[in-house]
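Undergrad: Dropping a structure here in structure tokens format, bear with me for questions.
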Amino acid sequence: MTTNLYDLAPEQIEAALGEVVSPPFRVRQIIEWLHERGVGSFEAMSNLPKELRAQLAERFTVAFPEVVERTPPAADGSRKYLFTRGDGNRIESVYMPMPTSERTSVCLSSQAGCAVGCTFCVTGFFGAGRNLTPSEMLGQFFTIQHEHAVPHERMNVVFMGMGEPLLNFENLAATLDVLYTTVAPKRITVSTSGIIPGIDALAKLERRPNLAISINAPDQKRRSEIMPITAKYPLPELIAALKRYPGAITVEYVLLAGWNDAPHDAVALARLIRGLRAKVNAIPFNADPNLPPWMKRPTDAAIDHFVDTLVRNGVAVTVRRSKGREIAAACGQLRGKDVATGRAARPR
Ligand code: SF4
């Protein structure tokens with residue numbers, strides 16, 4: 001199979017190109033085309049001689065996943081992208097403009113499917129898939145960035161799409177290294193269900209992204225009910241790992257009506273995360289026909305009460321009025337689904 005240069009680190013690209021490209025400045029030019037401009041073909045590398053572009057195309061690829069569907073823009077401007085891979089896997093990403101600022105976020109998938117099995121999440125419902133390669137993650141980013149012509153300095157990147165990024169650590173770290181060429185680490189957030197070895201590995205990187213941790217319940221017993229991963233990585237040990245993480249942390253908390261949204265739950269959550277210096281992002285649940293019917297979105301009054309209680313207990317909190325709800329692009333709603341027909345494609 002032809003090597004995709006987006007799957008290689010700069011020094012590996014240099015070694016791979018050695019036979020074809022002799023002057024070092026040509027190698028630098030090629031790496032710039034890839035990591036700064038994110039081109040999807042050798043043809044686009046306009047400052048390279050034509051013969052060299054042809055030689056490169058014979059030996060390597062710079063291909064991205066193919067876009068098969070794009071939803072029309074939702075009322076808030078967000079759009080969902082469905083990409084396909086040659087092996088039949090499908091990946092979803094979301095473009096999210098921020099109406100109140102000039103910034104734009106892209107939500108990327110790190111796996112096609114997810115084995116973690118959180119019961120409030122449609123991706124988890126459809127089960128395990130496979131790890132995405134750096135070229136597949138970078139392809140989502142560059143495709144959306146090019147289509148909307150967003151300058152790099154206005155991009156935020158969040159790994160909150162399909163999959164658990166810290167179970168695909170090596171490919172994630174390689175992808176981050178390329179993204180850092182144009183997007184500052186503080187503009188990138190990796191969201192995890194609480195894979196402790198992954199959190200510790202991320203903490204050891206020279207350049208670290210922000211971390212978002214999906215907590216969703218203030219105690220071990222309830223968290224285990226909706227996040228089976230809690231049995232492997234218990235909540236007290238997870239909190240200890242978060243205290244070791246040297247970067248910014250956001251605690252994500254999906255609010256489920258009558259289950260974890262009472263004021264006493266807010267008090268327990270504030271107690272649990274004391275000492276973390278984290279802010280909380282409260283996410284009212286997004287219903288989906290594939291998810292348990294008992295899971296319901298709380299009323300606005302219940303959400304406000306929960307948030308006020310957190311604030312009174314000294315916690316900084318924002319509420320994510322999920323972008324893209326009407327196109328099933330909100331948190332926990334990605335599954336590699338056919339946008340036009342609405343058929344859900346089980347990730348392979
Ligand atoms: S919430 Fe994240 S970790 Fe949990 S099942 Fe969904 S994609 Fe996987």
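Undergrad: Just one of Glu147, Glu164, Glu102, Glu153 is in contact with a helix residue (DSSP H, G or I) (Cβ under 7 Å, 6 or more places away or on another chain) and either more than 12 Å from the ligand (Cβ to nearest atom) or not small (Gly, Ala, Ser) (or both); which is it?
TA: Being in contact with a helix residue (DSSP H, G or I) (Cβ under 7 Å, 6 or more places away or on another chain) and either more than 12 Å from the ligand (Cβ to nearest atom) or not small (Gly, Ala, Ser) (or both) holds for just one of Glu147, Glu164, Glu102, Glu153, which is Glu102.
Undergrad: Right, something else. Please note which helices (runs of 4 or more DSSP H) are completely contained in the range 114-181 and include at least 3 residues that are open to solvent by 20 Å² or more (accessible area, probe 1.4 Å).
TA: Ranges flagged: 134-148, 169-179.
Undergrad: A further question follows. Please report, ordered by residue number, the helices (runs of 4 or more DSSP H) entirely within the range 205-290 with at least 1 residues that are more than 16 Å from the ligand (Cβ to nearest atom) and without any contact (Cβ under 8 Å) to a residue 40 or more places away in the chain.
TA: The qualifying helices (runs of 4 or more DSSP H) are 220-226, 235-244, 263-272.
Undergrad: Now, a different point. Taking the criterion of being among the β-branched types (Val, Ile, Thr) and within 21 Å of the chain's Cα centre (by Cα), would at least one residue in the range 35-53 satisfy it?
TA: No.
Undergrad: Suppose we filter the range 292-309 for residues that are part of a helix (DSSP H, G or I) and surrounded by 12 or more Cβ atoms within 10 Å (Cβ to Cβ); how many remain?
TA: Number satisfying all stated conditions: 8.
Undergrad: Right, another one. Among Ser78, Ser41, Ser46, which is open to solvent by 60 Å² or more (accessible area, probe 1.4 Å) and of a type in the set (Gly, Ala, Ser)?
TA: Being open to solvent by 60 Å² or more (accessible area, probe 1.4 Å) and of a type in the set (Gly, Ala, Ser) holds for just one of Ser78, Ser41, Ser46, which is Ser46.
Undergrad: Now for a separate question. Could you please give the count of residues in the range 176-193 that are in contact with an Asp or Glu (Cβ under 9 Å, 6 or more places away or on another chain) and either hydroxyl-bearing (Ser, Thr, Tyr) or within 11 Å of the ligand (Cβ to nearest atom) (or both)?
TA: Of the residues in the range 176-193, 5 are in contact with an Asp or Glu (Cβ under 9 Å, 6 or more places away or on another chain) and either hydroxyl-bearing (Ser, Thr, Tyr) or within 11 Å of the ligand (Cβ to nearest atom) (or both).
Undergrad: Give the residue, chosen from Leu276, Leu291, Leu256, that is modelled with pLDDT of 95 or more and among the aliphatic types (A, V, I, L, M).
TA: So the residue among Leu276, Leu291, Leu256 that is modelled with pLDDT of 95 or more and among the aliphatic types (A, V, I, L, M) is Leu256.
Undergrad: Identify all residues within the range 17-38 that are open to solvent by less than 40 Å² (accessible area, probe 1.4 Å), free of Cβ contacts under 8 Å to residues at least 24 places away in the same chain and of a type outside the set (A, V, I, L, M, F, W, C); write none if there are none.
TA: Listed by number, the list holds a single entry, Gln29.
Undergrad: So which residues in the range 97-109 are of a type in the set (A, V, I, L, M) and over 18 Å from Gly139 (Cβ atoms), if there are any at all?
TA: Within the range 97-109, just Met98 meets the criteria.
Undergrad: Residue check, Ala184 against (1) open to solvent by 10 Å² or more (accessible area, probe 1.4 Å); (2) within 15 Å of the chain's Cα centre (by Cα), all met but one. Which one?
TA: With respect to (1) open to solvent by 10 Å² or more (accessible area, probe 1.4 Å); (2) within 15 Å of the chain's Cα centre (by Cα), Ala184 is out only on (2).
A quick yes/no check of all residues on (1) farther than 22 Å from Ala9 by Cα; (2) of a type outside the set (Asp, Glu):
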{"residue": "Glu147", "(1), (2)": "yes, no"}
{"residue": "Met162", "(1), (2)": "yes, yes"}
{"residue": "Leu179", "(1), (2)": "no, yes"}
{"residue": "Pro228", "(1), (2)": "yes, yes"}
{"residue": "Leu235", "(1), (2)": "yes, yes"}
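Residues checked against (1) closer than 21 Å to Phe159 by Cβ; (2) open to solvent by 40 Å² or more (accessible area, probe 1.4 Å); (3) not acidic (Asp, Glu):
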| residue | (1), (2), (3) |
| --- | --- |
| Ser224 | no, yes, yes |
| Leu235 | no, no, yes |
| Leu238 | yes, no, yes |
| Arg271 | no, yes, yes |
| Val280 | yes, no, yes |
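Undergrad: List, please: which pairs have Cβ atoms under 9 Å, are six or more places apart or on different chains, and start with a residue in the range 303-316 that is more than 15 Å from Ile273 (Cα to Cα) and end with one that is open to solvent by 10 Å² or more (accessible area, probe 1.4 Å) and among the charged types (D, E, K, R)?
TA: Listed by first residue and then by second, the contacts come to Ile303/Asp261; Ile303/Arg297; His305/Asp261; Phe306/Asp261.
Undergrad: Moving to a separate point now. Consider only pairs whose beta carbons are under 7 Å apart and that are at least six residues apart or on different chains; among these, list those whose first residue lies in the range 162-191 and is among the aromatic types (Phe, Trp, Tyr) and whose second residue is open to solvent by less than 40 Å² (accessible area, probe 1.4 Å).
TA: Phe169/Gly198; Phe169/Ala201
Undergrad: Among all residue pairs at least 6 apart or on different chains, which show Cβ distances below 7 Å where the first residue, located in the range 112-127, is within 14 Å of Ile91 (Cβ to Cβ) and near the ligand (Cβ under 6 Å from one of its atoms) and the second is of a type in the set (Val, Ile, Thr) and outside any loop (DSSP other than H, G, I, E, B)?
TA: Cys114/Thr123
The values are calculated or read from the model by the stated rules, or taken from the named source; none is laboratory data. Model, not experiment: these values are computed from the prediction. Every residue, glycine among them, receives a Cβ derived from its backbone with ideal geometry; neighbour counts consider all protein chains shown. Protein only, heavy atoms only, side chains kept; ligands, DNA and RNA dropped before computing areas. Shrake-Rupley method; radii C 1.70, N 1.55, O 1.52, S 1.80 Å.
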